Amino acid sequence: MQDRGLRSVSNVAASLEDVLPRTRRGRYAAGTFRPRHKHLILPVDHSDDALVSAARRLRRLAQATHGADWRIAATGSVTNAAGTILIERSDSGRNDQGYTLRIRPNTICLRAAGDVGLHYGVTTLGQLLGSGRNAIRALDIEDWPDFPVRGVLLDISRDKVPAMKSLKELIDLLAGWKLNQLQLYTEHSFAYPGHETIWRGASPITARQVEELDRYCRRRGVELVQNQNSFGHMERWLMHPKYAALAETRGGWKTPWGERRTRPATLNPLD
C-alpha cells in the first residue's frame, strides 16, 4: 500500500503493518490518534452486554499499553464529539466475525454486527495500541475471516505435557491472531477416573483443568475442543494386562508400510 504523504511519521505511529493477521481492507487517512490523551469510550447501548464488555476490555488495553485513563460513558447517547471512542452494532456485515474500524485524530468508531466481530475489532485496536508506538495513524479498516473456523491442534501426549500457565499463554497468543479453536490431542495424558494405571506419572490434564481452560478460552473467543485419540496410538493403554485383551494384535506384527512392531498399538474395531 502506497502512502508517501505519511511516511515521515511511520517511526512514531502504529499502522496496518502492526496488525496480525493482515486486515482484508485498509487505507490511511490524514493525521494521527494519540492514545495518551483522555478519551471517553461510548458503548451505544448499555443494555448490550457485548458492547459493554468490549468497552471494558478496550479500557484495560489502553491502561496497560499507554497508562491512559479512558473512561466509559455513563449513558448510551450517540455523540461524535472529540475524544469519543464509539462502539456500536452495525446493521450490515459480511458475517458475525466481521467489523469496521475508523480511526481519526480525535475519534475512533468500531462497528460490528456480532459479538465475535466486536471482540476482533477490539483485538485489532489493541494490537495498534500495543505496537510500542506513540500514536496510531488515522485509517479505515474493514475486516472479516475467510473461514469461520480457524484452529490449532496441540498434541499434549508426547514429551512434556504443558503446564496450565503455558497453555493459557498459548491461548492468549492464538486469540491475538484471531484463531478461534484449540484442540488438545490426548492419548494417555487425560486423567480418566478409574484408569489411573494409564496416566499415573504422566502429568495428565484433569477434568477440572479442562473446565478452567474452557472458561479461559471462551472469554477470548476461542472454542476448546477435546481430541481423544482412539483405535490407533493406544500403546500406553494396551501395554497393561488390564487392557491387553482389547488389542487388535497379539505378539509381534508388521505395519502396512513394512515396519515390525513388538507391542500392540491399535484397538480391535470389531470387538
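Candidates are the residues of the stretch 120-150 that are assigned to a loop (DSSP other than H, G, I, E, B) and more than 30 Å from residue 224 (Cα to Cα); the one that is nearest to the chain's Cα centre (by Cα) is 132.
Scanning the stretch 135-171 for residues that are under 23 Å from residue 62 (Cβ atoms) and among the aliphatic types (A, V, I, L, M) yields 135, 136, 138, 139, 141, 171.
Within the stretch 16-28, one or more residues are over 19 Å from residue 130 (Cβ atoms), open to solvent by less than 40 Å² (accessible area, probe 1.4 Å) and not basic (Lys, Arg). With the requirement that a residue be touching a Lys or Arg at 6+ places or on another chain (Cβ under 9 Å), surrounded by 18 or more Cβ atoms within 10 Å (Cβ to Cβ) and part of a helix (DSSP H, G or I), what does the stretch 156-192 give you? Listed by number, the residues that qualify are 171, 174, 175.
Going residue by residue through the stretch 202-216, is there one that turns out to be outside any helix (DSSP H, G or I) and among the hydroxyl-bearing types (Ser, Thr, Tyr)? Yes: one or more hits.
Within the stretch 223-271, the set of residues being touching a residue at least 24 places away in the same chain (Cβ under 8 Å) and more than 40 Å from the chain's Cα centre (by Cα) comprises 242, 271. With respect to the conditions (1) out of contact with any Leu (no Cβ under 7 Å at 6 or more places or on another chain); (2) at pLDDT 95 or above; (3) of a type outside the set (A, V, I, L, M), residue 27 falls short on a single one, namely (1).
The values are calculated or read from the model by the stated rules, or taken from the named source; none is laboratory data. Just so you know, these numbers come straight off a predicted model, no measurement behind them. Reconstructed Cβ throughout: ideal geometry from the backbone, glycine too, with neighbour counts over all protein chains shown. Just so you know, the surface numbers come from the protein's heavy atoms only, side chains and all, with ligands and any DNA or RNA stripped out. Shrake-Rupley method; radii C 1.70, N 1.55, O 1.52, S 1.80 Å.
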